[in-house]
Amino acid sequence: MNFAKAFTYIFDDQRWLEKLVLPLLVTLIPVIGWMVAAGYLLRVTRNVAEHQAEPLPELEFGADLGRGFKVFVANLLYGIPIVLVSLLLFLPLALTENSSATIGFAIVLAILGGFVILVYALFMAIIMPVTNANLAMKERIGAAFEFKEIFRMLRNNFKAWLIVIGGALLCSAIIAPLGTIIVLVGALITGFYSQLVVAHLTGQAYAHSQTPGGQNAPLY
């Protein structure tokens, strides 16, 4: 994989500014704006996975909204276990009276529930980049739950997906917050740029996970 390329590829496109203005502005639209942007980013991932020379697409508002809605549904379904665990934590407490026994029970539940949520969160951190890549390529909500295919790609090249996770952490911890220096506009630009970086890394990882060890994968 070419880690550095993910940070510079947008500037290889002579029309990069023209192509990115609309997706950037769309993120200002309440509720549906981020869905349109999410759909746009899925296409970036797919274009990179297909090794297109200029992976930045033109914005397709309606079509990208539909793609982003699939991302929303997939993430919502993946979030259900956390909601269920939270209910199991607090519902028994709401139905019992306050007592030393109840407090002790609450502490045990909190520890067990916190551990379960932590394990699931780590699982999500590993699996979601692969899930999003599969969804980007197939554009079906069901693709987000093709666990056999998802784990096959993880087994083929786990290192590639760790690079995606590392890139996402780098962007969220360093690059995205830089925009807060110049308030709203800067945060908007650096935040979207960070997502474009992760989209490129995700597309690369998908291409490098089709064969064990990324054999015969394209060079980026």
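The values are calculated or read from the model by the stated rules, or taken from the named source; none is laboratory data. Keep in mind that what you see is a predicted model, and the values were worked out from it rather than measured. Quick reminder, even Gly has a Cβ in these numbers, built from the backbone with ideal geometry, and neighbours come from all protein chains shown.
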Problem set entry | Residue ID - nearest to F72 (Cα to Cα), chosen from residues in segment 139-152 that are within 16 Å of the chain's Cα centre (by Cα) and in a helix (DSSP H, G or I) | I141
Exercise. Filtering segment 153-175 down to residues that are modelled with pLDDT under 90 and surrounded by fewer than 16 Cβ atoms within 10 Å (Cβ to Cβ), which residue is nearest to the chain's Cα centre (by Cα)?
Worked result: S172
Exercise. With (1) within 15 Å of H208 (Cβ to Cβ); (2) within 12 Å of the chain's Cα centre (by Cα); (3) among the hydrophobic types (A, V, I, L, M, F, W, C) as the list, and I126 as the residue in question, which single condition is left unmet?
Worked result: (1)
For this session: Return yes or no: is F105 under 16 Å from the mean Cα position of the chain (by Cα), over 22 Å from D12 (Cβ atoms) and not charged (D, E, K, R)?
Result: no
Exercise. Conditions: (1) under 29 Å from S86 (Cα atoms); (2) without any contact (Cβ under 8 Å) to a residue 40 or more places away in the chain; (3) surrounded by 15 or more Cβ atoms within 10 Å (Cβ to Cβ); (4) within 12 Å of the chain's Cα centre (by Cα). S194 meets all but one. Number of the miss?
Worked result: (1)
For this session: Could you please let me know if E139 is surrounded by fewer than 20 Cβ atoms within 10 Å (Cβ to Cβ), touching a residue at least 60 places away in the same chain (Cβ under 8 Å) and acidic (D, E)?
Result: yes
Exercise. Got at least one residue in segment 82-102 being under 27 Å from K138 (Cα atoms), modelled with pLDDT under 95 and in a helix (DSSP H, G or I)?
Worked result: yes
Exercise. Taking into account only those residues within segment 13-64 that are part of a loop (DSSP other than H, G, I, E, B), within 17 Å of L188 (Cα to Cα) and not aliphatic (A, V, I, L, M), which is nearest to the chain's Cα centre (by Cα)?
Worked result: T27
Exercise. Of the residues that make up segment 110-117, is at least one under 22 Å from the mean Cα position of the chain (by Cα), under 28 Å from I175 (Cα atoms), modelled with pLDDT under 95 and of a type in the set (A, V, I, L, M)?
Worked result: yes
